[in-house]
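Report on the following structure.
What follows draws every value from the coordinates through simple rules; no lab data is involved. In this text, all values refer to a predicted model and were calculated from it rather than measured experimentally. Cβ placement follows ideal geometry from the backbone for every residue including glycine, while neighbour counts extend to all protein chains displayed.
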Amino acid sequence: MKYLFLMMMLSISMSVLSNDNTISSTSDTSDDILSNLHFIGHLSPDADSVMSAIAAAKLYNGVASISGKLDSESSFVFDFISRNKKKGLVLPPIVRVTDDENKLLPEFERGISWGLVDCHQSAKLPINLDINCIQKIIDHHSITSSLIKNPTLKNENIDITPRGSTCTMLALKFFESKKKISPTYATILLSGIISDTNFLTMKATTTDLDFKMFECLKEIAAIDDIKEFAKKMFEARTSAIEKLSHSSSTLNKLLLEDYKEFQTGNKRVALPAVETTRALELTQNLNLEVNKREILLQMKKLKEENKLDHIFFAVIDRMNPKTYLFYLDEDELLVKESFQESPEIFSDNIYYIPKKNARTSEIFAQIEREIQNR
Ligand SMILES: [Mn+2]
């Protein structure tokens, strides 16, 4: 019965796939060059990049790798798998290939062929990773001009298709290849989808295929209460973030938790952000005088060190999308004018943006429009 349901779901998703305009090739070649690839996601990994590296390694007989420290959501998923051994879940292997400075360890610098998941830009990879050794790319982010240029990377080995998560793309590839997905790998793939689509609530990026793959995987995974699972995953991230906010000596790490820089015209803008299920509580804590002073000091430091024109720090709520935006004095006018339609001062140097589905990219788009209008 379950199998029949899966096949039904899959035939629906196949028709969706053939009707939309993906830029990718869906046939995966079985070149020699593709055997034993090390699959790797972006630096500062999130659950989607970790889980898609694990899934791709399974699907293509490669090695799952991680650049940087395991994030708190992925670590929750690994704990969940370990706790559910009796249900047949088995912890999949993954190798950390970088040191604490985010550089590839010497043994991974040469003689390794890489498969990229969840990213297609060299700026998001360890600085000493040779891009000429990248032989495959699977990414759900919209294609940018900074797509890696490697003459030996064949077009048919690049799949960049806008989806809610890379795990959605890999789930489809599993089903298409008719390889069996075990409950462990269904859990792995589900976790990536849950994290990147914010449990399928991220309207701007979540596609029909994300919903369909989610349903198919849910049938296979050994998770009793998927909603509770998602909630606990987000809680794990929230507690890790809150821990960093408890002492002024770790507040700088909070800014580096998800640090992103953007270029607009000749202006360089950084928008570090944290996503939490308790954004108001976190912001109230960060608004305490000693904490706020430290946050603003660290922002100034980053601005100088990275030669930025502007820097903002966003605390984003995952459950009821809204954002608290920290800004430096000199950017007060820019922020005010960027968010004219819903301005609200939470406190000095903190703006409250009651916007649905706030993401760093949307916040940046608002600021970028204002910078360009100046
Ligand atoms: Mn992703």
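List the pair-distance distribution P(r) of the stretch 247-373, using every Cα-Cα distance, as the percent of pairs falling in each 5 Å bin from 0 up to the bin containing the longest distance, rounded to whole percents.
Binned Cα distances yield the sequence 2, 11, 23, 27, 22, 12, 3, 0.
Here are some pairs, LYS203/LYS355; LYS307/LYS355; LYS154/LYS179; LYS292/LYS355; LYS203/LYS322; which of them have Cα atoms lying more than 18 Å apart in this structure? Don't skip to the answer; put the middle values down first.
On the way: LYS203/LYS355 13 Å; LYS307/LYS355 30 Å; LYS154/LYS179 24 Å; LYS292/LYS355 23 Å; LYS203/LYS322 14 Å.
Pairs exceeding 18 Å: LYS307/LYS355; LYS154/LYS179; LYS292/LYS355.
Determine, for CYS167, CYS216, the number of other Cβ atoms within 10 Å of each Cβ, and report the residues in order from fewest to most. Display every interim value, and only then the final one.
Numbers: CYS167 35, CYS216 26.
Fewest-to-most ranking of CYS167, CYS216: CYS216, CYS167.
Considering all alpha-carbon pairs of the stretch 249-324, what whole percent are spaced by more than 15 angstrom?
56 percent
For the stretch 2-233, what's the relative contact order in percent, using C-alpha pairs closer than 8 Å and at least 6 residues apart?
Values: 434 pairs, mean separation 52.0, N = 232.
Answer for the stretch 2-233 is 22 percent.
How about LYS180: which aspartates and glutamates have a C-alpha closer than 20 Å to its C-alpha, ignoring those fewer than 8 places off in the same chain?
ASP28, ASP210, GLU215, GLU219
Report the local net charge at ILE158: Lys and Arg +1, Asp and Glu -1, summed over other residues whose C-beta lies under 10 Å from its C-beta.
Numbers: positive: LYS136, LYS154; negative: ASP139, GLU156, ASP159.
Net charge around ILE158: -1.
If one takes the longest principal axis of the Cα atoms in the chain, at what angle in degrees, from 0 to 90 and to the nearest 10, does the Cα axis of helix 360-373 lie?
50 degrees
Rounded to the nearest angstrom and ordered from largest down, what semi-axes does the equivalent ellipsoid of the stretch 25-104 get from its C-alpha gyration tensor (root of 5λ)?
On the way: eigenvalues 100, 69, 22 Å².
Ellipsoid half-lengths, sorted descending, are 22, 19, 10 Å.
Once both labels are modelled 7 Å past Cα along the beta-carbon direction, what's the GLU304-SER249 spacing in nm?
About 2.2 nm separates the two model spin labels.
I'd like to know which of SER75, ASN150, ILE160 lies farthest towards the positive end of the charge dipole of the chain, counting +1 on Cβ of Lys and Arg and -1 on Cβ of Asp and Glu.
Ranked along the dipole, the leading option is SER75.
To the nearest Å, what is the center-to-center distance of the stretch 214-287 and the stretch 90-159, using C-alpha atoms only?
So the separation of the two Cα centres works out to 24 Å.
List the pair-distance distribution P(r) of the stretch 2-233, using every Cα-Cα distance, as the percent of pairs falling in each 10 Å bin from 0 up to the bin containing the longest distance, rounded to whole percents.
It works out to 8, 35, 38, 17, 2, in whole percents.
Determine the relative contact order of the stretch 118-274: mean sequence separation of Cα pairs under 8 Å and six or more apart, normalised by residue count, in whole percent.
Numbers: 187 pairs, mean separation 23.3, N = 157.
Taking the mean separation of contacting Cα pairs over the length of the stretch 118-274, I get 15 percent.
For each of ARG83, ARG96, count neighbouring Cβ atoms within 10 Å of the residue's Cβ, then give the residues from fewest to most. Intermediate results must be reported in sequence, preceding the final value.
On the way: ARG83 10, ARG96 14.
In order of increasing Cβ crowding within 10 Å: ARG83, ARG96.
Assuming R0 = 25 Å, can you tell me the calculated FRET efficiency for the pair ALA204 and GLU332, based on Cβ-Cβ distance, to the nearest 0.05? It would help to have the intermediate numbers written out before the result.
Details: r = 28 Å, r/R0 = 1.11.
Efficiency at R0 = 25 Å is approximately 0.35.
Tilt of helix 183-197 relative to the longest C-alpha principal axis of the chain, in degrees (0 to 90, nearest 10)?
It works out to around 30 degrees.
If you line up the long axis of helix 2-19 against the longest principal axis of the chain, both from Cα atoms, how many degrees apart are they, to the nearest 10?
70 degrees
Please report the orientation-averaged projected area of the stretch 124-277, defined via the convex hull of its C-alpha atoms, in nm².
Working: hull surface 48.7 nm².
The number I arrive at for the stretch 124-277 is 12.2 nm².
Among SER146, SER122, which comes first, second and so on when ranked by fewest other beta-carbon atoms within 10 Å?
Working: SER146 11, SER122 18.
Neighbour counts put them in this order, fewest first: SER146, SER122.
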